1. Would you call GLY292 modelled with pLDDT of 95 or more and outside any helix (DSSP H, G or I)?
2. Take the residues in region 397-423 that are surrounded by 11 or more Cβ atoms within 10 Å (Cβ to Cβ) and not charged (D, E, K, R); name whichever of them is modelled with the lowest pLDDT.
3. Output yes when any residue across region 52-59 is assigned to a helix (DSSP H, G or I) and either of a type outside the set (Asp, Glu) or touching a Cys at 6+ places or on another chain (Cβ under 8 Å) (or both), and no when none is.
4. Step by step: first the residues of region 85-127, then only those that are among the acidic types (Asp, Glu) and in contact with a strand residue (DSSP E or B) (Cβ under 7 Å, 6 or more places away or on another chain), then the one that is nearest to THR178 (Cα to Cα). Which residue is that?
5. Pick from region 214-252 the residues that are small (Gly, Ala, Ser) and modelled with pLDDT of 90 or more: which of them is surrounded by the fewest Cβ atoms within 10 Å (Cβ to Cβ)?
6. Return the pairs, sorted by first residue and then second, in which the second residue is exposed (fewer than 12 other Cβ atoms within 10 Å of the Cβ) and of a type in the set (D, E, K, R), the first residue lies in region 309-325 and is closer than 16 Å to ILE350 by Cα, the beta carbons are less than 7 Å apart, and the residues are 6+ apart or on different chains.
7. Filter region 77-91 down to the residues that are in contact (Cβ under 8 Å) with a residue 60 or more places away in the chain and in contact with a helix residue (DSSP H, G or I) (Cβ under 6 Å, 6 or more places away or on another chain), then identify the one that is surrounded by the most Cβ atoms within 10 Å (Cβ to Cβ).
8. Does ARG40 count as over 22 Å from ILE15 (Cβ atoms) and charged (D, E, K, R)?
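The values are calculated or read from the model by the stated rules, or taken from the named source; none is laboratory data. Since this is a predicted model, take the numbers as computed values, not measurements. Here Cβ is always computed from backbone atoms with ideal geometry, including for glycine, and neighbour counts include all displayed protein chains.
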Amino acid sequence: MAGSRSKEFLEAVRIGRPPNIQKLFPNSLGLLVSAKAVDRACLKKGKCMALAANGRSHIIIRGVLAAAKRANAAVIVEIAKSEGGATSYCATNYWNMARQVDQILNELSAEIPVAIHADHYGVKSVRDVEIARVQIPSMFDAGITSIAIDASHLPEDENLLASLALAPGVPGWAGLETEVGEIKGKSGLSTREEALFLIQGLNAHNVFPDYIALNNGTTHGIEASEAGIRVELTGEIHKALAPYKVSGAQHGTSGNSSERLRRIARETLTTKANVATAFQMISWGLVVNDYGNAELDAGGGFIKDRNEGVTEALWEEMKAHAAQNGWKAGNYKNLNLPFENKIMSQPVEIRERMAKRVEEFAYNLITQVFDSGDTAPLAVEAILAAGSHDLGPKGSRIEDPAEWTEAKIREKAVPLAKKREEGNFDD
């Protein structure tokens, strides 16, 4: 009820929700905000990262928001193009995610700011740019409040040019993430020069990203190596980017140790940490280690806790479906779409234990690893200080546009050219 909410929170709801959110949910008390507010909250607290949870299912979204309420934390709920784009493997998508988050926030009476982020909106060709010009506005119409335009699969000049071409379709109030060095974790780690090239080129054209994602040694999905995130590399690149006031976005956290993630929060300028695969495995009831990597039996199969997650009968059905399609461990993600309705039709006590398992893991990440507890009031403060849903850019133009014409962009990119791996690195 509105009467039980703080005056500060109610004022933030009144002025802090972007126009698309106000139009979609005119009577809501769910505080859906630009990711700018979440970023500013983490910067104000210092040495912390907001949880950015990939809401592959309704159960995951519910568990994460319950954890954020407990931790009094500003969070981001996101979905990637491969997970929730026009062709995807999850029931949650770019066009229904905001509705799910808003409903749950109202149900929980949660006074927490939540950004709705379109992660990894991949652009791999000129044709993708043209499709994006239509799709991106439709996503904001549906409640997206932040986006990662990811053209990192392309050469450096094409990455920058695609990002510039699509920037006008992103509202100025919205959170913006950019990416350099395709996230693959095996080779071709991002360099200082590549990151500067992208951020400087955007800066010259008055595009000021809130976040930059790097290939700093991460992988998406199940982590199979011990290499993990390169903390020192990340810190060096962030230091070089400091004049442009862009925060780091850490991808591929699943499978990295808690201590490594704490170091990312303490030793770099990272304010956003993505978690996807871990929540999926935890919600299903699989046995995971203390940082969310699913444990495998001697035959390479997942280990299911009989008292957790989905029912045993449904898990057997899920495994049979995966086997029928030839899906090994890394491709179990494809079970999300065909089984979402079956998961949601389980008894209430099963659904609640699934969400509770997600909640406990998310709460531990927020409070013990990312250290972003109590950032909710800081995000509210940022909104009230701005007097608006639009917090404005952190940076200002430093670079000369005349030095960043298309011809000069292509010329500057020549020394950065390198061999790129083929593969699906979109999550």
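1. Details: modelled with pLDDT of 95 or more: no; outside any helix (DSSP H, G or I): yes.
Here the answer is no, as GLY292 does not meet what is asked.
2. Only one residue tops the list, namely LEU416.
3. First pass over region 52-59, keeping only residues assigned to a helix (DSSP H, G or I): 58-59.
Okay, now just the ones that are also either of a type outside the set (Asp, Glu) or touching a Cys at 6+ places or on another chain (Cβ under 8 Å) (or both), so 58-59.
Within region 52-59, one or more residues are assigned to a helix (DSSP H, G or I) and either of a type outside the set (Asp, Glu) or touching a Cys at 6+ places or on another chain (Cβ under 8 Å) (or both).
4. ASP119
5. The initial filter retains those residues of region 214-252 that are small (Gly, Ala, Ser), namely 217, 221, 224-225, 227-228, 235, 240, 242, 247-249, 252.
Filter once more, keeping what is modelled with pLDDT of 90 or more: 235, 240, 242, 247-249.
Values: GLY235: 19, ALA240: 15, ALA242: 9, SER247: 24, GLY248: 24, ALA249: 28.
Looking at residues that are small (Gly, Ala, Ser) and modelled with pLDDT of 90 or more, I get ALA242.
6. Close Cβ pairs satisfying both conditions: GLU312/ARG306.
7. Start the filter on region 77-91 by keeping residues that are in contact (Cβ under 8 Å) with a residue 60 or more places away in the chain, which leaves 78, 80-83, 88-91.
Now narrow it down to the ones that are in contact with a helix residue (DSSP H, G or I) (Cβ under 6 Å, 6 or more places away or on another chain): 89-91.
Working: TYR89: 17, CYS90: 24, ALA91: 21.
That would be CYS90.
8. Details: over 22 Å from ILE15 (Cβ atoms): no; charged (D, E, K, R): yes.
So ARG40 fails the test.
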